[in-house]
Amino acid sequence: MHVKDILDDLDIRIKLPQHWYSTDVSNDFEEPELVENGEIIKIKAEGENNTKVIVIDVNDGMSVVTVFPDKKVIGVKYLDNKDDFEYIGHPSDLYF
């Protein structure tokens, strides 16, 4: 499953860099929930052991993270250039 599939499922139309649309997020988002839809789009899928979150801020980047029960966060933040990304390993209020 790709970010584009999730956005289509939630009927969200937004212009993003092409490599954000094609980001593979596995099948953990089969039942996504749109949490926030404004300047920042937040999509969440709660699993048995952890929560997957996509946060899209067209001005700052797109993050795909896993939030564990102990509030540990791991993931990747994708930036405008397809070769630019940052690893995420610390909690942010955006993910909760």
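The values are calculated or read from the model by the stated rules, or taken from the named source; none is laboratory data. All values derive from a computational prediction rather than experimental measurement. Every residue, glycine among them, receives a Cβ derived from its backbone with ideal geometry; neighbour counts consider all protein chains shown. Surface areas here come from the heavy atoms of the whole protein model, side chains and all, with no ligands, DNA or RNA. Shrake-Rupley method; radii C 1.70, N 1.55, O 1.52, S 1.80 Å.
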Worksheet, complete the sentence: Within region 38-55, of all residues that are in contact (Cβ under 8 Å) with a residue 40 or more places away in the chain and open to solvent by 10 Å² or more (accessible area, probe 1.4 Å), the one farthest from residue 79 (Cα to Cα) is 42
Worksheet item: Got a sec? Which of 25, 76, 58 is under 16 Å from residue 4 (Cα atoms), within 10 Å of the chain's Cα centre (by Cα), surrounded by 11 or more Cβ atoms within 10 Å (Cβ to Cβ) and of a type outside the set (D, E, K, R)?
Response: 25
Fill in: region 61-73 - residue that is open to solvent by less than 30 Å² (accessible area, probe 1.4 Å) and in contact with a Pro (Cβ under 9 Å, 6 or more places away or on another chain) and, of those, nearest to residue 3 (Cα to Cα)
62
Worksheet item: What is the number of the single condition among (1) part of a loop (DSSP other than H, G, I, E, B); (2) out of contact with any helix residue (DSSP H, G or I) (no Cβ under 7 Å at 6 or more places or on another chain) that residue 66 does not meet?
Response: (1)
Item to complete: Filter region 79-96 down to residues that are over 10 Å from the mean Cα position of the chain (by Cα) and in a helix (DSSP H, G or I) and give me whichever is surrounded by the fewest Cβ atoms within 10 Å (Cβ to Cβ).
Response: 93
Worksheet item: Looking at region 22-42, is at least one residue modelled with pLDDT of 85 or more, in a loop (DSSP other than H, G, I, E, B), more than 22 Å from residue 93 (Cβ to Cβ) and touching a helix residue (DSSP H, G or I) at 6+ places or on another chain (Cβ under 9 Å)?
Response: yes
Discussion item. Filter region 56-80 down to the residues that are farther than 17 Å from residue 25 by Cβ and touching a residue at least 40 places away in the same chain (Cβ under 8 Å) and list them by number.
Written reply: 58, 80
Worksheet item: Could you list, in sequence order, the residues of region 8-22 that are surrounded by 11 or more Cβ atoms within 10 Å (Cβ to Cβ) and over 14 Å from residue 78 (Cβ atoms)?
Response: 8, 9, 10, 12, 14
